[in-house]
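The next block holds one structure in the form of structure tokens; read it before the comments.
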Amino acid sequence: MISRLLHPNTHQALRRPFSSSGKHIHEPISPGIRLSTLLCKHLGLSRRQSERMILADRVTLFGKICNSPAFQLRPSPDPNQNSSSAMKLDGKLILGVDKTLKSMYLEQQKSGGEFTAVNETCNEQKKKTNPMMQNTRVWLANKLKGELVTEHDPDGRPSMLQRLIRGGVGESKSKNKSPIHLKPVGRLDMMTEGLMIFTNDGQYARELELPKNHLWRTYRVRVHGRLTPMKMRAMRMGVTARVDDNINVIGDSPVAPSTGKMMKYKGIKVSIERKSPQTGRRQRRNGRDDVRGTNTWLRITCTEGKNRQLRRILGSLGLDVTRLIRVSYGDYDLNTIPPGKAIEVPARAFESMTKKGQLFSDDSKSKKKTKATDEPRSTVEWVNYA
């Protein structure tokens, strides 16, 4: 029962609805369902997979190619219309897509907003409790070292998603429904371990990932090297580090080829948890041996999720990351989840989260500058000792 398409920019419906009666309908039109969101829901794809499929001209609507992921659809008001052959993928019918569209549209009408992955016109709706969160499910998993957060790896490396699915994570509550498509919130590289968040709601995952929302990500990092106050200050102020696209990991330390690309990273919160005195250089001080440790555990909080961000920041300061563990993401904490295990937890609305926002307030920086400039300078007095 696909009725019409909405242009993504103007949000105006076509004059001629896709119906067999040929009548013109002039009632007020509510926002429809994005084509990419519909394919994600019906085919169990990720957002990027559905968008690539649409941009590759593989999807047709009523015999016409539709290559816009933001194209919007709504059910037809004519109950006699047969839309079972409306949508095709690679020339093959997508069966049951009209029923999925109708259920998504009705759910959108009940919530009073759009069922889109990216919605720029729902700022007022975000302030209210979203009824769509009732169907949102969230799993917290403790990622193992050496796993990839991906469904399929061409090199055959271990996949965290495949392991979780085999363990029963993402099973539907009803027996007749197919398994839920798990959507990861962000990514962790192969050598990083710790907290990973999975959900069945692509919109919720996108909301947690957006850099403009400034959700806090906290890590425990073990570094090897000399840590000085100047390096700590540089991490808090921001660092410009070299970006290495092709990184070969040997053991725990990455071996990166030299490239000319540079990237500026924002300041991060960093504190020393403990130092390891067991290993280090033995030095002679005051007539006795003094063992100084070179391994230090840091606790770092940042609001960005760039690729290999912490490894590059610390590497630019001469510190080798020997272990990296994510312990929290927003208000979700790793706590005592065993390594390799996953648990389902209640979904928390983004509006109610407390661990978000800017790490450093601009007022503190401005106060320091004003204090330095407002203090009166003492005059120099010359003393004649002659």
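The values are calculated or read from the model by the stated rules, or taken from the named source; none is laboratory data. A quick note: this is a predicted structure, and the numbers were derived from the prediction, not measured. So basically every Cβ, Gly included, is an ideal-geometry build from the backbone, and we count neighbours across all protein chains shown. Ligands, DNA and RNA are excluded from the accessible area calculation, which covers all protein heavy atoms including side chains. Shrake-Rupley method; radii C 1.70, N 1.55, O 1.52, S 1.80 Å.
So if each residue of separation counts as 0.36 nm, and I subtract the Cα-Cα distance between M237 and W297, what length gain in nm does that give?
Working it through step by step, the gained length comes to 19.6 nm.
Once amide H atoms are placed 1.01 Å from N in the peptide plane, what residues at a sequence separation of 5 or more from V138, or on another chain, have their amide H within under 5 Å of its amide H?
Sorted by chain and number, the residues that satisfy this are V345, A347.
First measure r as the distance between the Cβ atoms of A56 and R166, then evaluate 1/(1 + (r/R0)^6) with R0 = 30 Å and state the FRET efficiency to the nearest 0.05. Walk me through the numbers before you get to the answer.
Values: r = 31 Å, r/R0 = 1.02.
With a Förster radius of 30 Å, E is 0.50.
So, R0 is 56 Å and r is the distance between the beta-carbons of L43 and L359; what FRET efficiency does that work out to, to 0.05?
Working from the Cβ atoms, E equals 0.90.
May I ask you to give the solvent-accessible area per residue for the range 304-343, in square angstrom, as obtained with a 1.4 angstrom probe?
41 Å²
Once you have the Cα-Cα distance between N135 and D90, take 0.36 nm times their residue separation minus that, and quote the gain in nm to one decimal.
Taking N135 through D90 to full extension adds about 13.1 nm, to one decimal.
Given R₀ = 35 Å, what would the calculated FRET efficiency be for M230 paired with D333, taking r from the Cβ atoms and rounding to 0.05?
On the way: r = 32 Å, r/R0 = 0.91.
Working from the Cβ atoms, E equals 0.65.
Show me 71-77, 216-222, 233-239 ranked by packing, highest mean number of other Cβ atoms within 10 Å first.
Those peptides, ordered most packed to least, come out 71-77, 216-222, 233-239.
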